[in-house]
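Reading through the structure tokens given below for one structure.
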Amino acid sequence: MRALIINGSARGAKGVTAKMGRALAEGLVRGGASVDTLFVADMNIAPCTACLSCMHLNPGHCAQRDDMDVVLPLLKRADLLVWAAPVYTDTMSAQLKAVMDRTICSRQPFLYADAAGLTRHPMTWAMPQKVMLISTCSFPEPVTFEPLVATIRAQAINLGGRCIAELCVPGSLAIQMEPSVLETHLALIAQAGMEVAQEGRVRPVTLEAIKRPPFSVDRYRELAGRYEEWCRKKQAKMAEKRLNES
Ligand SMILES: Cc1cc2nc3c(=O)[nH]c(=O)nc-3n(C[C@H](O)[C@H](O)[C@H](O)COP(=O)(O)O)c2cc1C
């Protein structure tokens with residue numbers, strides 16, 4: 001299995017999503033897969049201009065020349081696409097959405113009805129059949145992931161594939177105050193990676209364990225309180241600096 005992890009965090013390798021991505025990659029490799037990881041924060045990828053040249057003039061080829069020239073060949077040979085997508089304003093980051101939109105060059109302009117009777121474009125070239133999501137968000141409530149999960153699932157179906165697992169860990173604000181709280185989940189995410197490489201799926205027991213948030217809401221509030229305290233001190237320091245400079 002060849003896996004491609006596309007990390008959409010603006011903080012790239014320094015973020016919590018990257019930690020989850022590294023754990024998943026480690027498990028995938030342990031299970032025999034090869035893994036490429038891309039960080040959109042390090043890349044130059046413009047939004048789709050909707051010129052539709054990829055459909056009408058030069059089928060399968062995007063007219064824009066930027067770092068999608070790196071992404072597209074890796075996508076074409078991957079069996080598994082992992083969107084490593086932290087929640088930004090209830091969905092994925094704009095940087096990652098640009099990548100997602102630019103995969104429109106995989107589609108033909110023609111139309112057909114799929115097995116569910118929904119209108120689709122046939123593919124010019126195949127996107128990875130298996131899709132996964134790994135995600136985190138600041139807040140502690142798992143419901144925060146729902147719009148993002150819906151988008152990833154819909155996009156996988158739209159491109160002829162299937163989302164096989166969503167590994168979402170809420171509460172990154174508290175995780176950053178005490179990184180050790182993530183350790184159990186990182187081990188579980190690595191386990192999930194190994195299962196995907198070996199069995200093509202994450203076992204229900206592993207999924208269920210990952211779904212349990214790494215701390216109670218009370219513990220979250222305690223750690224978040226430390227964060228708020230840090231913010232107050234920082235703001236007070238800056239206010240004092242501005243006063244001294246005026
Ligand atoms: C522009 C922006 C929007 C965000 N929106 C949300 C949000 O709607 N809900 C939430 O729980 N966290 C939100 N977050 C917090 C991120 O999900 C959180 O910081 C996460 O850890 C970012 O991933 P990273 O650590 O890999 O960079 C937002 C962060 C940014 C920068």
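Just so you know, all these numbers are worked out from the coordinates, no wet-lab data involved. The structure displayed is predicted, hence computed values, not measured ones. Cβ coordinates were reconstructed from backbone atoms using ideal geometry, including for glycine residues, and neighbour counts include every protein chain displayed.
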Virtual paramagnetic centre 7 Å along Cα→Cβ of ALA209, amide N under 19 Å, in segment 159-182: 165-170, 180-182
Segment 88-246 shape via C-alpha gyration tensor axes, a/c threshold 1.5: oblate
Tensor-based shape of segment 157-199 (alpha-carbon gyration tensor, a/c under 1.5 rounded, otherwise prolate or oblate): oblate
Phi to ³J(HN,Hα) by Karplus 6.51 cos²θ - 1.76 cosθ + 1.60 over segment 197-211, Hz, x for Gly, Pro: 5, 8, 10, x, 7, 9, 5, x, 5, 5, 4, 4, 5, 5, 5
Candidates VAL181, VAL169, VAL205: whichever shows maximal mean-square fluctuation once the chain is modelled as a Gaussian network with Cα springs under 10 Å: VAL205
Gaussian network model of the chain, Cα within-10 Å springs - most flexible of PHE145, PHE110, PHE215: PHE110
Cβ-Cβ FRET estimate between ASN158 and VAL70, R0 fixed at 22 Å, reported to 0.05: 0.45
Cα gyration tensor category, rounded, prolate or oblate, for segment 44-105 with a/c compared to 1.5: oblate
Computed over the chain: relative contact order in percent, which uses C-alpha pairs under 8 Å that are six or more apart: 22
From phi via Karplus (6.51, -1.76, 1.60), per-residue ³J(HN,Hα) for segment 31-47 in Hz, x at Gly/Pro: x, x, 8, 9, 9, 10, 10, 10, 10, 5, 4, 9, 10, 10, 10, 7, x
The chain: most fluctuating residue of CYS231, CYS62, CYS163 per GNM, C-alpha cutoff 10 Å: CYS231
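Among DSSP beta bridges lying fully in segment 98-246, give the percent that are antiparallel, nearest 5.
That works out to approximately 25 percent antiparallel.
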Eligible lysines near LYS233 by straight Cα distance, threshold 21 Å, same-chain separation 8 or greater: LYS241
